[in-house]
Amino acid sequence: MKTFQIGEQKDLASLTLTERPAPKPGPGEALVTMRAASLNHRDLNILRSKYGGPKPATRIPLSDGAGDVIAVGAGVTNVKVGDRVSGVHFTPWVDGAFSPAFFGGDLGVTIDGWLTEQAIIPAQALVEIPKELTYIDAASMPVAAGTAWHAIQTFGHVQAGETVLVLGTGGVSIFGLQIARMSGARVAITSSSDDKLALCKKMGADILVNYKTNPDWEKAVLAATDGRGADVVVETGGGTLAKSIACTAPNGRIGLIGALSAPGDTPPALGALLGKNITIKGITSGHRRAFADVMRAFATNGIKPVIDKTFPLAEAPAAFSYLDGGSHIGKVMITA
Ligand SMILES: NC(=O)c1ccc[n+]([C@@H]2O[C@H](COP(=O)([O-])OP(=O)(O)OC[C@H]3O[C@@H](n4cnc5c(N)ncnc54)[C@H](OP(=O)(O)O)[C@@H]3O)[C@@H](O)[C@H]2O)c1
């Protein structure tokens, strides 16, 4: 079968296509024919050795995928042959509190992931895909929608009528926009592109700020909320934290998620954290129950994930380069 591996992790060109024999599931594992997989920002970092220590060159990349169960190992009871499934990348994290031990079962990082015709996945990570969602829909969601859900719902406890701020128009942020809208919240979004902001407006975003032409974007967010700021912030920038704090409302919640921007020049305004009673939480993706919840929310509301472009499996290297180029909005996918 066709399988990609991460190779020497010197850059995106390290991604290598190999032929391997079809695997057999061991105890607790499922063998899944991959129908769709999605790329996340961290998949770029892994190939560039910027995500933890070096990994075995044979590691199969990608945290997110969906497909059909074609075999199960001993002791598997939660899925069966023929099920349409997707799953979470922290495979031991079924529910409850986060544990650093979950990094030991991280698809595409510490164990093999989805960029292969047939993937071995620990069965406890898998959930059945709701009938309303396609393989592509489901495969787009585990990391990006799961993380946005964690920030906005599980941690953020967003209320209808509140304002949610998302930064940029990548996978996490566009899911954040959609989750905030289906929760009855007002959405503020930033982008380096006016064209992308125009698309976000069509998706229901209310406050649109170009962070390139308007470096003081936090002031624009404050102005658009009558000086109050956003109640929930999906902080994918990292170096943008000081500005996010500046435009967070009293009692606001900031989910600290990513590191897209350079480290901020200005240290976070700790006085504002105290003065506004803001809560900041570090967020690492989410558990299986949250992933099932977010899939169900999209299915029952008839909302589709925003898919920018889909590549066939053999063209996976082009998909990585495309994501790296940053022209996408929403998700970049692979199908087999
Ligand atoms: N903690 C977790 O569990 C977790 C989970 C998922 C992702 N992440 C992290 O979250 C971040 C986003 O991931 P992703 O997969 O959504 O990435 P992505 O799809 O590659 O999105 C990249 C987009 O971010 C925007 N961006 C870049 N620099 C920015 C800046 N300085 N300010 C605001 N927006 C900026 C750009 O949007 P425009 O083109 O519109 O400007 C860019 O297209 C990454 O750092 C990723 O590693 C963390």
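All of the numbers you see were taken from the coordinates with simple rules; none came from a lab. Bear in mind the structure is a predicted one, so any value in this text is a computation, not a measurement. Please note: Cβ atoms are built from the backbone with ideal geometry, for glycine as well, and neighbour counts cover all protein chains shown.
Were the residues from Glu117 through Thr16 laid out at 0.36 nm apart, the gain over their Cα-Cα distance would be 34.9 nm. Quick check on the range 146-282: take the gyration tensor over C-alpha atoms, sort the square-rooted eigenvalues as a ≥ b ≥ c, and tell me if it's rounded (a/c under 1.5), prolate or oblate. It is rounded, given that a/c, with a ≥ b ≥ c, falls under 1.5. Applying the Karplus relation 6.51 cos²θ - 1.76 cosθ + 1.60 with θ = phi - 60° to the range 186-197 yields 3J(HN,Hα) values of 8, 10, 10, 9, 10, 7, 7, 10, 5, 4, 5, 5 Hz, where x marks Gly and Pro. Distant-in-sequence amide contacts of Thr18, defined by a placed amide H-H separation under 5 Å and a gap of 5 or more residues or a different chain, comprise Thr3, Phe4, Gln5.
Local charge sum around Gly258 (other residues, Cβ-Cβ under 14 Å, Lys/Arg +1, Asp/Glu -1)?
Values: positive: Arg42, Lys50, Lys281; negative: Asp43, Glu235.
Around Gly258, the charge tally is +1.
In this structure, the pairs whose alpha-carbon distance is over 28 Å, taken from Lys212/Lys331; Lys55/Lys243; Lys281/Lys309; Lys50/Lys304; Lys50/Lys212, are Lys55/Lys243; Lys281/Lys309; Lys50/Lys304. Computed from the C-beta positions of Glu8 and Ala223, the FRET efficiency with R₀ = 56 Å rounds to 0.70.
Amide H to amide H, with H built 1.01 Å from N, Ala71 comes under 5 Å of Leu31, counting only residues 5 or more places away or on other chains.
In a reduced charge model with +1 at each Lys and Arg Cβ and -1 at each Asp and Glu Cβ, the range 174-328 shows a dipole moment near 520 debye about its Cα centre. Residue-wise HN-Hα couplings along the range 102-109, as the Karplus relation 6.51 cos²θ - 1.76 cosθ + 1.60 with θ = phi - 60° gives them from phi, are 5, 4, x, x, 9, 4, x, 10 Hz; Gly and Pro carry x. In straight-distance terms, cross-link reach from Lys131 covers every one of the aspartates and glutamates whose alpha-carbon lies under 19 Å from its own, apart from those fewer than eight places away in the same chain; here that gives Asp64, Asp68, Asp83, Asp293. Please compute the net charge surrounding His328, taking Lys and Arg as +1 and Asp and Glu as -1 over other residues with Cβ under 14 Å from its Cβ. Result for the local shell: -1. The label-point distance for Thr213 and Val81, in a model that sets each label 7 Å from Cα toward Cβ, rounds to 5.9 nm.
For a paramagnetic label modelled on Asn251 (point 7 Å from Cα along Cα→Cβ), amide N atoms under 16 Å away belong, within the range 126-162, to 156-162. In the chain, the DSSP beta bridges split such that about 50 percent are antiparallel, to the nearest 5. Computed from phi, the 3J(HN,Hα) profile of the range 284-293 under the Karplus parametrisation 6.51, -1.76, 1.60 (θ = phi - 60°) reads 10, 6, x, 8, 4, 5, 5, 5, 4, 4 Hz, with x in place of Gly and Pro.
A simple spin-label model places the labels of Met1 and Ala74 2.2 nm from each other, with each point 7 Å out along Cα-to-Cβ. Between amide H atoms placed 1.01 Å from N, distances below 5 Å from Thr248 occur with Ala230, all of them 5 or more places distant or on a separate chain.
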